[in-house]
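The values are calculated or read from the model by the stated rules, or taken from the named source; none is laboratory data. Bear in mind the structure is a predicted one, so any value in this text is a computation, not a measurement. A quick note on method: Cβ atoms are made from the backbone with ideal geometry, for glycine too, and the neighbour counts reach across all protein chains shown. These area figures cover heavy atoms from the full protein model, side chains too; ligands, DNA and RNA do not enter into them. Shrake-Rupley method; radii C 1.70, N 1.55, O 1.52, S 1.80 Å.
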Amino acid sequence: MIIPVRRFFATCALGALGVALAACGTPGTPHAARPGHPASASGSADAQPSQPPTLAPGSSGITPVFTNGPRTQDKTVALTFDADMTADEGPRAAAGEHFDNPQLIATLRAFKVPATLFMTGRWADEYPKEARNIGQDPLFEVANHSYSHYAFTDNCYGLPTVPQERMRAEVEEAYAAFKKAGVPHAMPYFRFPGGCYDQQALRTLSAVGVTAVQWDVVSGDAFATDADAVARQVLEGVKPGSVVVMHCTRSAAPVTEQALQTIVPELRKKGFRFVKVSEMIGSATQGERHGTT
């Protein structure tokens, strides 16, 4: 999602946690087949170490949206990174443009910061070894950012638009690309390119069984040239339960790794603990069931 500013659509952005969790189900709530783990010929799902927590579909059957975790004294924060690459950017990569950022991943490892990477299928096709390396590292989790990084609504920051009949395929083809690259267990979480979605997109993706993951803190790292400004924006915006959106593409977010050098130690000084999105969703749904959110 390579854009300088993101937006929500007022009719569908479930910004408040209470609203976002209104659709949460109990552990026995049925879900669609796990994305990236289709049923085998015998009808059983591929084995996973555990089932990742998700939100149950809303009362009208639409894809649920997660924006932030509980605002509790347990000061958790989830750093998320979009690995963007559109379907038509192959020539730019062949000419030497870097859509990856190995140094950022190395910095996260050096700081021992767990993170969730929302990866496009096209990025996994371009950088299969890096996708596999990230996906096999327990410090990280890989989630879905579509295959082509085309918008799921009209007028989304100039991105090409995915026809409705192609929306589900965009998600499924990304999971197929992760599997081909060697990512063992991609998570059932989806981030809309550009952050743009509407009720039609949420209804169309309901059969895929994903939870849409948005954010409540925009880092401003896309196309930024001032790492200190990015760090300030994050540090000023983070609250307990925050989901921060950043990028791990050198060409479009060149100062993100530098900003992390400030963000991580400062948030730790403030008592924050870094978690992956899966842990935050798990805590949120558990709190909802026990009435503690």
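Between the range 219-242 and the range 92-115, the C-alpha centres lie 18 angstrom from each other.
Annotation: amide H-H contacts under 5 Å for Ala143 (H modelled 1.01 Å from N, sequence separation of 5 or more, or interchain): Leu117, Phe118, Met119, Met187.
Give me the dipole magnitude in Debye, nearest 20, for the range 187-293 about the Cα centre, with unit charges on the beta carbon: positive for Lys and Arg, negative for Asp and Glu.
320
As a calculated quantity, the FRET efficiency between Gln261 and Gln51 at R0 = 30 Å, using C-beta atoms, amounts to about 0.25. Taking amide H atoms as placed 1.01 Å from N in the peptide plane, the amide H of Val213 lies under 5 Å from those of Phe66, Phe190, Arg191, Phe192, each 5 or more residues away in sequence or on another chain. The modelled label-to-label distance for the pair Ser59/Lys75, using points 7 Å beyond Cα in the direction of Cβ, is 3.8 nm. Each Lys or Arg adds one and each Asp or Glu subtracts one; over the other residues with Cβ under 11 Å from the Cβ of Ala229, this totals -3.
Couplings for the range 151-159, taken from phi via the Karplus curve 6.51 cos²θ - 1.76 cosθ + 1.60 with θ = phi - 60°, read 6, 9, 9, 6, 6, 10, 6, x, 6 Hz in order; Gly and Pro are left as x.
Positive end of the dipole of the range 144-242, charges at C-beta (+1 Lys, Arg; -1 Asp, Glu), about the Cα centre: which of Val213, Pro193, Ala177 has its Cα farthest in that direction? My answer, from the dipole projection, is Ala177. With the simple model of a label 7 Å out from the Cα in the direction of the Cβ, Ala169 to Arg109 spans 3.7 nm. Apolar share of the accessible surface for the range 226-277: 46 percent from carbon plus sulfur atoms, 1.4 Å probe. Proximity of backbone amide H atoms, modeled 1.01 Å from N, is registered between Met246 and Thr80, Phe81, Asp82 at under 5 Å, excluding neighbours fewer than 5 places apart on the same chain. Phi angles of the range 195-205 translate, via the Karplus equation with coefficients 6.51, -1.76, 1.60 and θ = phi - 60°, into HN-Hα couplings of x, 9, 8, 9, 4, 4, 5, 5, 5, 5, 8 Hz per residue; Gly and Pro are given as x.
The trypsin sites (Lys or Arg not before Pro) found in the range 98-128 that occupy coil by DSSP, while having at most 15 further C-beta atoms within 10 Å, are Lys112. For the cross-link pairs Lys129/Lys270; Lys179/Lys270; Lys179/Lys276, which exceed 27 Å when the distance is taken from alpha carbon to alpha carbon? Table pairs above 27 Å Cα-Cα are Lys129/Lys270; Lys179/Lys270. A cut-off under 14 angstrom between Cβ atoms defines the neighbours of Ala87, and their net charge, with Lys, Arg +1 and Asp, Glu -1, is -4. Note: relative contact order over the range 106-222, using C-alpha pairs below 8 Å and six or more positions apart, is 28 percent.
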